[in-house]
Each structure stands twice: as C-alpha cells, then as structure tokens.
Amino acid sequence: MANRRDSRIEPSFEGPPRAKSSAGFSVSEEDRVVPSNRNTSAKRQSAKTKPSRRGSGKSRRGLFGVLGRLAYWCFVLAIWGGIAAAGIVVYYGAKMPAATTWAIPDRAPNIRIVSVDGKLLANRGMSGGEAVGLHEMSTYIPEAVIAIEDRRFYSHLGIDPIGLSRAMVANVVGGRFSQGGSSLTQQLAKNLFLTPDRTLERKVQEVLLALWLEHKHTKDQILEMYLNRVYFGSGAYGVEAASRRYFGKSARDVTLPEAALLAGLLKAPSRLSPARDPKAAEQRSQLVLAAMRDEGKISAKELTTAMSAPASRVASYWTGSENYVADAIVEELPDLIGDVRGDIIVDATVDLTLQKLAEQSIRRLIDGSGKKLNASQGVLVSIDNSGAVRAMVGGYDYSTSQFDRASEARRQPGSAFKPFVYMAALEAGRTPDSVRNDAPIKIGKWTPTNYGGKYFGKVTLATALAKSLNSVAAQLTMEVGPDAVVEAAHRMGVQSDLTANTSIALGTSEVTPLELTSAYVPFANGGYRPDVHFIRRVTTAGGKVLYDNNGGAPRVIKPEIVGMMNSMMMGTVEIGTARKAAFAWPAAGKTGTSQNSRDAWFIGYTANLTTGVWFGNDDGGPMKKVTGGALPAQAWHEFMVAAHEGVPVRPLPGTWRSTPADTIVQDELPPNMAQPAPVPSASVGQSAPSAQKASPPRAVRPAETVDAGGFGMPGGGGTTASIKRPVPPADVGGPVKKRQTSILDILTGG
C-alpha cells in the first residue's frame, strides 16, 4: 500500500488513453485549452479536402461589421462634436449681454422734406427714406425678397438648416466662402446688432440673436424690420429710399420688374446697383423673377411680361436742384429742434413748381450760351415778402457738384451793391432829383470809371442809378462816408464782413447771392426785414409740432425812403441796364458786373417776389463780356413771368413825387473831393442822332395802400424825375475805349 501511495502517476498527453482508475485521472484532447499542433494540422488538412459552405456568409458579416464600426464612430464623433459646439455657443454666448437686456435698436431717423404744396422734396438721414409698413408697400417686394433670399422664411425658426447645409457644401466644393446660408432673420440680426466680420464668434452670436428675434417677434414684423433697414446700394437704406433712389417713386407703387431689381440687389448692393452697373442689376433681376415663378408667387404670363419690360430707372436721382434746399434745411435743423431722434416731417417754404422753373431757366441759358460766353455756373434765389425762400438753385447740376453757390459762395456784387449807397445818400437828405456831374473824378489815387468810358454830365441820382454810373456812386460814398454805406447794407440784411472804404461803392466786398437777394426784400415789402428761412414747420411722424415759424419783421427803412428807392430802381428795368428783365408787372432792381465779367448779377423784385440771379465760373475765370443785363436779366425775366402767371398785378410799395425839373440844383460836393472835370460835348453824345431824343417822362402814380405780402404796409407806385436835357442810351456792352490800370478799378459798370 505504501508503495502504491508513494508511486505517482503522471498524466500523459502523448500516449493512447488508458482506463480510468479510482486512484488516477487523465486529460483528453477536448480538455486542452489550446489544441495540439498535430490535431490542428489534421483539421486544416481535412478542411482542404472538404468544400466551403459558409465563406460568403463570413464576407457579408465582415462588410456589415465595417459599416457598423463606421456608424459607431460617427455617432461618437457627433456626440463629441455636439459637446464642442455647445461649448463654443456657451463660451461666445457668455460674452454677450444678458438676453433680458436685448432690445431692437432705434431705426436711423429720417427727415422727410415736403414743399408748400405737399410734394416730396427730399429725404435726408442715414436711412434716406421713411419707414413703410409691410401692408403699405407693394406686395411684389416681400414676395421677391423671400423667393431669392429665404424661400423657407415662414417655416423655419430663424435658422434654415437646409439652406445652411447647402451653403456649406457649396463652400467646400468651391474651396472658398461663396455662400452664407443665413436666413432673413439672421441677416436682420447682423444688421441690427453685429459687425459684418466673418468670424466664428459673430456667426454664433448671429444664430443666438436670430432665435431671440423669432421668439420675440412675428414673421411679418421681422420681414418689415428687415425691408426698412437693409442696404440697397448707392446710399439707400430701406425699400422706400431705394425706390426713390432708383425709380423716383414710393415703395407703395413699385411694379413687379422693379421689385425684382430691388430684391436682386441684396446679394451685393454696391456691385449690383443699377446706378453703377445697370446690366448686372438687370441680369440679377431675371434670376429673381425665375425664382418667384418657381415658388408660385407669379404666373408664367407675369414672368413673361416682366422679363420683356424690365424696370426703368430714373436718369439721375441726384440732379434735382431741390437737393440744394434740402441740404440747407438739414444744416438749419439742429438750431431749431436739436438732435433728430425720430422720423420727422419738415414743411419747407419752397414751391416745387417755382423750383423747377428756376432750374430750367438756369440750365437752358448755360446749355445754350454757356460755352460761347464761357459761363459754366448759375444761381437763382427767390424770396417772398415774409422772408420765405420760394426757390433756390445753387448751381448748374447738383449731381456733379453739391456745393451750394447760393448760400456758400462769396463773390463781388459789383454795381448790385449800389442801392445801399443810394439808400444811405437818401437817408442823409438827398432825393432822386438831386443832381451830380457824371465826369471823370479822382479820389486819392483811385479814379473810378464808367463802363465803356462814357460820361453823361449832369444827371439826377435816379438816372445815375438806372444807368449804373460809377463816378456818381463814388461821389455819394464820399459824401455820406463808407461807414454809413456799410451800416445801411448790414441793416438791410447783408451779413458778410464789409470793408468800409470808398471802393465799396462799386461792390468790392464779397457777399453770397442769398444774402444779397434777402437785402433787397425790404424794398419789395415796404421797409421790413424778415428773417430769411427755408422751414415753416417741423412735426414728428405722429403729428406733434416741434417747431413753427412765427418770426416777425422789424422796420429798417422809412416809408418815404422805400418810395424813393423803388422809384429809382424801377428806372433800371424801364430805361436802364436791365431792360431785358421787364415784363407786365411793376418791377425794380439793379444789375452788377465785376471786373472782367467774372461775376454778373441781377437782383430784382416785384411786390410779390424778390429774385436774385448770378452767373460766373467756380474758378473765378472771366466770362466773355457777360453783364448783369444779359444772362442774369434773361433768367430773371423767364422765372418771374412764369412765377407771376395768374397773380393779380400789384404796384410796388411806397410813394414819391418828383421835384419839378426847373427847381433841380446840384448839391455841393464835400471839400475833400476833387471837382469833376468839365465834360466835353462829345462825351455827352450831343452829336449822335440817337441822343437827340429825350426819354419820355413816366407818369406819377397816385398813392395807394396795398398788402405787401401779409405785412399790411402802405404802398404805392413810384416815379423817376424827368429832366429837360437829352438822356443818351445806356450803351451797355459797348466797346471799352479806355481801361484804367489801377487795382482799385474793380468794376466796369452794370
């Protein structure tokens, strides 16, 4: 037993199986963890001799396995991508203000400027147009915008996944950022709150703001805000501004082809603007029309009609001279109402009909004679007796130059300044019948000469002013003193600084056409100087009055002086240098021409309107013998005839009766002035046949009371003196016999 217990029986894996005994154990081949090499080889050999039945099944299981693993890893990546995207959103969202503080920023205020007859003059402000409700604008506009920009606008929640995916694919395939995929809501969010930078941060913020907009506002509200704020190119923000800019009409009246053109601009407003590239704009509008047909917004017939009759745009939006008025109004507004914080309506004083008449007159004369006479610019200002500017043309073409020559350009007025010299003389005791000897004189080193070198001997002040005699004006300035002349001009309304020297008699100090014209208004209204203004009233869009013009007008001239001045200046139109200006109304005024015809003026008036006209060149270049009695008087005549059509004729205010001719004596000259040299008979023109005919005297009108533009001032006709001696013709534009070389010889006549 001991031997049996001590003997150990080892398991055998090599030999044949043995019978089991109660005292031992054995391991079969099936019990092995790893089969022996021998058996494995045998099985492989056996497999070679047997046909394969399950090979195709294993291949299928391998393919499904690959796809399954791919799906698995895509799912894993999607989860991690979502986590990363959420992290980015949280990060950039945390940098934004709290959503409770978000609010739609105020739209840039618009300034709507309308004429006295309710017609639109211009829109000013960043938007360039008033806000138009979605229900007010042409239905074609929102339909066209949705069709080309965001066809699923009414179905998505602020972000269009389909459009965004399409844009991403297009950008990847194209290898560049060519499509944005932003919905209209996202575009509005960008326009309202964000910069145009193409960064990840801005895109995330755009998405968050778009979702907030969709939560706070209806689809129609979002679309309306978008259409009233989006940029349409050429400085136009919003559909109203764009419609006015490109078609000269309101967004309420836009047609289908016009709406397609506007919608097409949104892709690239500056590049596709019809003002810059009409062909590109038209091609883009064709795509919009096709998109509208695909979306069922228009019928096939409408598509065909629209494509065969494309939108026609205004020739040039910025040509209208009324824009000079609009610019002046915008400059004036802050002083009247402060900062503009909301849409306002400005009731202007300008009459659009008169404005167009003025513009046509200036442009017609420059187009017809400008090149021949070397005149490239013209200005016309018309003011009524209350100081309201009824028309103002600041230059030939606003589109080529926005510089307002009427209110900003200072030029020498020449003889158009002489009325203030004569007014000061009348206030010092002279009368229109006072006589001066028109002859060559010398004042210090200055020797003023008449236009053409002609002198007329003894003449009344009325005749001297009518014929714009320089020597007489210089004599009067010396008599009353230059300071008195400057004071009179400032009192009448001239605001520019004036140099108080003797040469001021000939208009050597520079003034603007607007202020010089306004300084003649007291002559027309009976002696009152009103505040010159462009604005009658300013109201909010809701009708609240922010400003109302109720300015008064102080008296600046005595009635008798008004009567004498009107009597004398009527002679300028009737027998003097402005005979081309005469028409069926009693009118008065004064011409002016600066040295070498650099400036030509005529400022004239009736009891209804005071109108000033200037012609010249921006560079100060001389015109070719253009005087105030030529182009300016012609333009004045054309405008005033049209402006007074159908208006009852009224006499000029003030009365004055001429002193009998046999009592006229020459006033004594001051001792500091050299006596005029005797005038040879040839200078008077006694031998000329035309000089033998004396000018017929004008009848003296009786005094009468008239309503001078609402001022309720006495008025009446005036007259000039009739004298027994012959009066030669004005001879304006005649050959110059002798030219003085003095630098003070600024003016050569009217």
Selection within segment 414-442 - assigned to a helix (DSSP H, G or I) and either of a type in the set (Gly, Ala, Ser) or more than 28 Å from VAL626 (Cβ to Cβ) (or both): GLY414, SER415, ALA416, ALA424, ALA425, LEU426, GLU427
Set ILE83, ILE79: member being part of a helix (DSSP H, G or I) and modelled with pLDDT of 80 or more: ILE79
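Taking the residues in segment 271-315 that are within 30 Å of ALA358 (Cβ to Cβ) and open to solvent by 50 Å² or more (accessible area, probe 1.4 Å) as candidates, determine which candidate is farthest from the chain's Cα centre (by Cα). Write out each step before concluding.
Within segment 271-315, the first condition is being within 30 Å of ALA358 (Cβ to Cβ), and the residues that meet it are 274-275, 312-315.
When the remaining residues are screened for being open to solvent by 50 Å² or more (accessible area, probe 1.4 Å), the result is 312-313, 315.
Working: SER312: 22, ARG313: 18, ALA315: 16 Å.
Checking each candidate, the answer is SER312.
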Residues being open to solvent by 50 Å² or more (accessible area, probe 1.4 Å), assigned to a helix (DSSP H, G or I) and touching a residue at least 60 places away in the same chain (Cβ under 8 Å) - total across segment 111-168: 2
Check on ALA473, more than 19 Å from THR593 (Cβ to Cβ), touching a residue at least 12 places away in the same chain (Cβ under 8 Å) and part of a helix (DSSP H, G or I): no
Any chance ASN374 is modelled with pLDDT of 95 or more, open to solvent by 50 Å² or more (accessible area, probe 1.4 Å) and over 15 Å from the mean Cα position of the chain (by Cα): yes
Where a residue in segment 244-272 is at positive phi and its partner, wherever it lies, is of a type in the set (Phe, Trp, Tyr) and at pLDDT below 95, with Cβ under 9 Å and at least six apart: GLY248/TYR317
Residue in segment 564-585 that is closer than 19 Å to VAL472 by Cβ, of a type in the set (Val, Ile, Thr) and surrounded by fewer than 24 Cβ atoms within 10 Å (Cβ to Cβ) present: yes
Qualifying residue in segment 435-451 (condition: small (Gly, Ala, Ser) and open to solvent by 10 Å² or more (accessible area, probe 1.4 Å)): yes
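Considering VAL325, VAL346, VAL350, which residue is open to solvent by less than 30 Å² (accessible area, probe 1.4 Å), part of a helix (DSSP H, G or I) and either touching a helix residue (DSSP H, G or I) at 6+ places or on another chain (Cβ under 9 Å) or within 21 Å of PHE232 (Cα to Cα) (or both)?
After ruling out the rest, the residue left standing is VAL325.
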Members of segment 487-513 that are part of a helix (DSSP H, G or I) and either in contact (Cβ under 8 Å) with a residue 24 or more places away in the chain or within 17 Å of ILE443 (Cβ to Cβ) (or both): GLU487, ALA488, ALA489, ARG491, MET492, THR502, SER503, ILE504, ALA505, LEU506, PRO513
Sole exception among (1) surrounded by fewer than 18 Cβ atoms within 10 Å (Cβ to Cβ); (2) charged (D, E, K, R); (3) in contact with a Pro (Cβ under 9 Å, 6 or more places away or on another chain) for GLU645, by number: (3)
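Which is over 45 Å from the mean Cα position of the chain (by Cα), open to solvent by 10 Å² or more (accessible area, probe 1.4 Å) and over 21 Å from LEU426 (Cβ atoms), of LYS454, LYS458?
Answer to the check: LYS454.
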Selection count, segment 192-224, where residues are open to solvent by less than 30 Å² (accessible area, probe 1.4 Å), within 28 Å of LEU261 (Cβ to Cβ) and of a type in the set (A, V, I, L, M, F, W, C): 5
Some residue of segment 358-367 being touching a strand residue (DSSP E or B) at 6+ places or on another chain (Cβ under 6 Å), assigned to a loop (DSSP other than H, G, I, E, B), at pLDDT 95 or above and buried (at least 19 other Cβ atoms within 10 Å of the Cβ): no
Residue among ARG410, ARG430 that alone is of a type outside the set (A, V, I, L, M, F, W, C), closer than 24 Å to PHE615 by Cα and touching an Asp or Glu at 6+ places or on another chain (Cβ under 9 Å): ARG410
Any chance GLU331 is of a type in the set (Asp, Glu) and crowded, with 20+ Cβ neighbours inside 10 Å: no
Qualifying residues in segment 525-560 (those that are more than 32 Å from the chain's Cα centre (by Cα) and surrounded by 21 or more Cβ atoms within 10 Å (Cβ to Cβ)) - the one nearest to VAL350 (Cα to Cα): ASN525
Failed condition for LEU213, given (1) at pLDDT below 80; (2) at negative phi: (1)
Filter result for the condition that a residue is of a type in the set (S, T, N, Q) and at pLDDT 95 or above, over THR610, THR627: THR610
Restricting segment 515-566 to residues that are of a type in the set (D, E, K, R) and in contact with a strand residue (DSSP E or B) (Cβ under 9 Å, 6 or more places away or on another chain), the residue that is nearest to LEU609 (Cα to Cα): ARG529
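The values are calculated or read from the model by the stated rules, or taken from the named source; none is laboratory data. Model, not experiment: these values are computed from the prediction. Heads up, the Cβs are rebuilt from the backbone with ideal geometry, glycines too, and the neighbour counts pull from every protein chain shown. Remember, those area values only see protein heavy atoms, side chains included, never the ligands or the DNA or RNA. Shrake-Rupley method; radii C 1.70, N 1.55, O 1.52, S 1.80 Å.
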